[in-house]
Amino acid sequence: MSIDGGGLLLQAPAHYKFDDDVPMVVVTQRTAADELYRAGARAAGAITLGLMGLIGFFLLYRSREAFSSAGWRFFTEQRWSPPNAFGIAALLVGTIVIAVVALVVAFPIAAGTALYITEYAPLRVRRPLTSLVDLLAAIPSLIYGIWGAAVLSGRVANVSRFFADHFSWVRLPALQLSFWHWYRPFQTVSNAGFTASSMLAGIVVALMVLPICTAIMREVFSQAPQGERESALALGGTRWGVIRDVVLPFGKGGMIGGAMLGLGRALGETIAVAIIISPKFDIHSLLQPLQTGGNSIAAHIALRWPEQSAGGVPTSSLMAAGLVLFVMTLAVNMVASLVVARSRSGSATEI
Amino acid sequence: MTLVSDAASHAAPTNDAISRASTLTAQGVSAWFGSHKVLERVSLDMLANQVTALIGPSGCGKSTFLRILNRMHELVPSARLAGNIALDGQDIYRSAAPVTEIRRRIGMVFQKPNPFPAMSVAENVVSGLKLCGMKVERSHKDELVETCLQKAGLWNEVKNRLDANGGALSGGQQQRLCIARSLAVRPDVLLMDEPCSALDPTSTHRIEETIAELRDDVTIVIVTHNMQQAQRVSHYCAFFLAAENEPGRIVEAGTTDKIFSEPDDPRTLDYVRGRFG
Ligand SMILES: Nc1ncnc2c1ncn2[C@@H]1O[C@H](COP(=O)(O)OP(=O)(O)OP(=O)(O)O)[C@@H](O)[C@H]1O
Ligand SMILES: [Mg+2]
């Protein structure tokens, strides 16, 4: 069949029937190379996912002994003396306290550094500065740990004392065991000292998450659309105006995502925290970040691993703690990528 | 704060004492990107209350020239320039010149509409005030939003959705929103770089009307590839041309009538008749 298209003779494809007006099936023949690539990419993706699943399954399997021994009390018990009484509650609180301190310290520094690099730094120093910040990530965490314990400790103790002296009146509403009360983060409950605290551990962890937070924020800020930047400048805007009205609104999602990825790291940071803190298991005192002592799941597992590797409930309980950490970091990272992917800036950023 | 004229008028351009637009003068302007020279000794007067059109083939340096006029050129790291640009007789490149104030007085509308997407329509209009540190009372703000949107010919279309997101408008509406945004900071000169190139004929027509209404308040310099548009909106016309591997120069400048009917240079005639470029 053929149609006369205004002097141009169009030959319809042989299989095409003009009378049935239904969607046709489009078949694309893939080349062998394409097929091979697809198979390879799929396999790689499947291996990663499978590995994740296997790790989760392994942790779940090995922790079943602990869970059957402790039951739901595992999530409410503060003490850790398996096989009798043990639970994740204090460790979880300690982990979160350190991570929050780390984030509170790291977020403004990372945002400021990223803004300086993308918005203010002359081209000459931009590159060296970027590599310098990235280089922070290359320092082994052990080094951060010993530096924190040996050098930073005394100085942070002074700062902590200052906070305790002047800000003990700060009260935050908080929910504890189903009733409201005032949480006073800077009030020391006992007359313990200020060394080996969650504050110190948090500051050291902050330094360790700084590179990734900065890198993501820098990436996001640098993607703020040139057109909007120029419009803001053409309206008579200053650099700060451009940051406020263009860069920050654009980078919001990326900043939150970057912070949460940092949080994911902070939660899992092990050796530096293990070196710095002196472990304690009392939630009430763990909520006082200035005071000596702290705890985190990862550091706890690392510290207990050698003595408890005999097997039975003690080993299994560490597996259970590991499972909690695994799930928590996974959740934080997933939420982070969701936040990032949904924001305008994030969709173009690889994380 | 309100803009000077309350009703747009279609009257012919005048050089009355009441007019507050400024004259922009370029003398011997050359420009480079790195070592690549893209403009050579361009001189042009852009008179107060007149619309000056810059025409010429692609790549001859029209945008570069326009960006030099409000100090946007220097934002490109490798960019350099020579020459003299004066706004009402004052050199805008003098060493103590307040850059942000100059950019406020010489507004710019870009080829691609780019309203701030995180802001509402109304916020977009007044965004420039915050950016350049102009304080406006709350009560005056609504008035200003309405005046500027009216001048940009957008008021009727958006008056019921001033709180809608600026990015939710159509391309033509976005472009007029950008014009309104530029007007809110009360510029003396408005530079427009192919403001209609991405728009449909209706939006284009709307913006051309807007330009005609604005010329009482501001001096307008417009880059356009559309010869009919240049003829319709402009009073003066400058024809830019860059010979192969040479920087762009002004071949001829004069009244639009002259450029389009009896230009001195045969190349101008060829270009406006669509014979090359
Ligand atoms: N950022 C830049 N870096 C290097 N060279 C540039 C840059 N911007 C423009 N140029 C060069 O400067 C010359 C003039 O460019 P310009 O954008 O001013 O041309 P134009 O007349 O506006 O062209 P069009 O009509 O296509 O917009 C071109 O040769 C271009 O390659
Ligand atoms: Mg151009």
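For the peptide B:113-121, the mean number of other protein chain Cβ atoms found within 10 angstrom of a residue's Cβ is 4.
Each Lys and Arg Cβ is given +1 and each Asp and Glu Cβ -1; about its Cα centre, the stretch A:63-343 then shows a dipole of about 260 debye.
Computed over the alpha carbons of the stretch B:77-159, Rg followed by Dmax gives 16.2, 45 Å.
Round to a whole angstrom and tell me the spacing of the C-alpha centers of the stretch A:228-269 and the stretch A:292-342. Rounded to whole Å, the Cα centres lie 32 Å apart. Summing charges over neighbours of residue A:107, with a neighbour being any other residue whose Cβ is under 15 Å away from its Cβ, gives +3 when K and R count +1 and D and E count -1. Evaluated over the Cα positions of the protein assembly as shown, the convex hull gives a direction-averaged projected area, one quarter of its surface, of 43.1 nm². The residue list B:177, B:78, B:167 was ranked by how far each Cα lies along the charge dipole of chain B toward its positive end, using unit charges on Cβ atoms, and B:78 comes out on top.
The relative contact order of chain B, computed from alpha carbon pairs under 8 Å that lie at least 6 residues apart in sequence, is 27 percent. Restricting attention to the protein assembly as shown, close to 65% of DSSP beta bridges with both partner residues there are antiparallel. For residue B:252, the amide hydrogen comes within under 5 Å of the amide hydrogens of B:239, counting only partners 5 or more places away or on other chains and with H modelled in the peptide plane. Comparing A:314, A:289, A:249 in a Gaussian network model of chain A (Cα springs below 10 Å), the most mobile by mean-square fluctuation is A:249. The phi torsions of the stretch A:297-307, fed into the Karplus equation with coefficients 6.51, -1.76 and 1.60 and a -60° offset, translate into couplings of 4, 4, 5, 4, 4, 4, 6, 8, 4, x, 6 Hz, rounded to whole numbers, with Gly and Pro shown as x. Applied to the stretch A:75-82, the Karplus parametrisation 6.51 cos²θ - 1.76 cosθ + 1.60 on θ = phi - 60° returns per-residue 3J(HN,Hα) values of 8, 10, 6, 8, 5, 9, 9, x Hz, with x for Gly and Pro. Near the amide H of residue B:242, within less than 5 Å, lie the amide hydrogens of B:249, all on another chain or at least 5 residues away, with H placed in the peptide plane. Once the Cα atoms are used to define both axes, helix B:201-214 deviates from the longest principal axis of chain B by about 90 degrees. The Rg/Rh ratio of the stretch A:63-343, with Rg taken over Cα atoms and Rh as the Kirkwood radius over Cα pairs, comes to 1.03. For the pair the stretch B:67-86 and the stretch B:137-193, the centres of their Cα atoms are 28 angstrom apart. Normalising the Debye intensity of the stretch B:124-182 to I(0), with uniform scatterers on Cα atoms only, and taking log10 at q = 0.14, 0.15 Å⁻¹ returns -0.35, -0.40. Averaged over the residues of A:241-251, the number of partner chain Cβ atoms lying within 10 Å of the residue Cβ comes to 3. Ordered by the number of other Cβ atoms lying within 10 Å of each residue's own Cβ, fewest first, A:139, B:250 fall into the sequence A:139, B:250. Per-peptide packing, taken as the mean over residues of other Cβ atoms within 10 Å, places B:177-190, B:77-90, B:27-40, A:160-173 in the sequence B:177-190, B:27-40, B:77-90, A:160-173 from highest down.
Taking B:138, B:206, B:104 as the candidate residues, the one with maximal mean-square fluctuation in a Gaussian network model of chain B, Cα springs under 10 Å, is B:138. To the nearest ten degrees, helix A:89-115 and the longest principal axis of the Cα atoms of chain A are 60 degrees apart. Please report the spacing between the Cα centers of the stretch A:61-97 and the stretch A:124-149 in Å, no decimals. Computed from Cα coordinates, the inter-centre distance equals 35 Å.
For residue A:183, nonlocal amide neighbours, meaning residues 5 or more places apart or on other chains whose placed amide H falls under 5 Å from its own, are A:172, A:174. With respect to chain A, whose longest principal axis is taken over its alpha-carbon atoms, helix A:153-166 is tilted by about 80°. Dipole orientation for the stretch A:118-273: of the candidates A:144, A:162, A:173, A:162 has the Cα lying most toward the positive pole (charges on Cβ; Lys, Arg +1; Asp, Glu -1). Cross-link reach is defined here as a Cα-Cα straight distance under 24 Å, omitting same-chain residues fewer than 8 places apart; for residue B:258 the lysines meeting it are B:62.
Extent along the principal axes, Cα only, for the stretch B:22-272: 53, 42, 29 Å, with the longest axis given first. Could you tell me whether the stretch A:114-187 comes out rounded, prolate or oblate from its Cα gyration tensor? Rule is a ≥ b ≥ c as square roots of the eigenvalues, rounded for a/c under 1.5, then prolate if a/b exceeds b/c, otherwise oblate. Prolate, because a/c is 1.5 or more and a/b exceeds b/c. The local environment of residue B:29, defined by Cβ-Cβ distances under 14 Å, has a net charge of +3 under the rule Lys, Arg +1 and Asp, Glu -1. Take the alpha carbon gyration tensor of the stretch A:195-304, find the square roots of its eigenvalues, order them as a ≥ b ≥ c, and report rounded if a/c is under 1.5; if not, report prolate when a/b exceeds b/c, else oblate. Judged from the Cα gyration tensor, the stretch A:195-304 comes out prolate (a/c at least 1.5, a/b above b/c). Counting only other chain Cβ atoms within 10 Å of each residue's Cβ, the peptide A:98-110 averages 0. Placing unit charges on the Cβ atoms of the charged side chains and taking the dipole of the stretch A:63-343 about its Cα centre, the candidate lying farthest along the positive direction among A:254, A:278, A:302 is A:254.
No value in this document is a laboratory result; all are computed from the given coordinates. A quick note: this is a predicted structure, and the numbers were derived from the prediction, not measured. All Cβ positions, glycine included, derive from the backbone under ideal geometry; neighbour counts span all protein chains shown.
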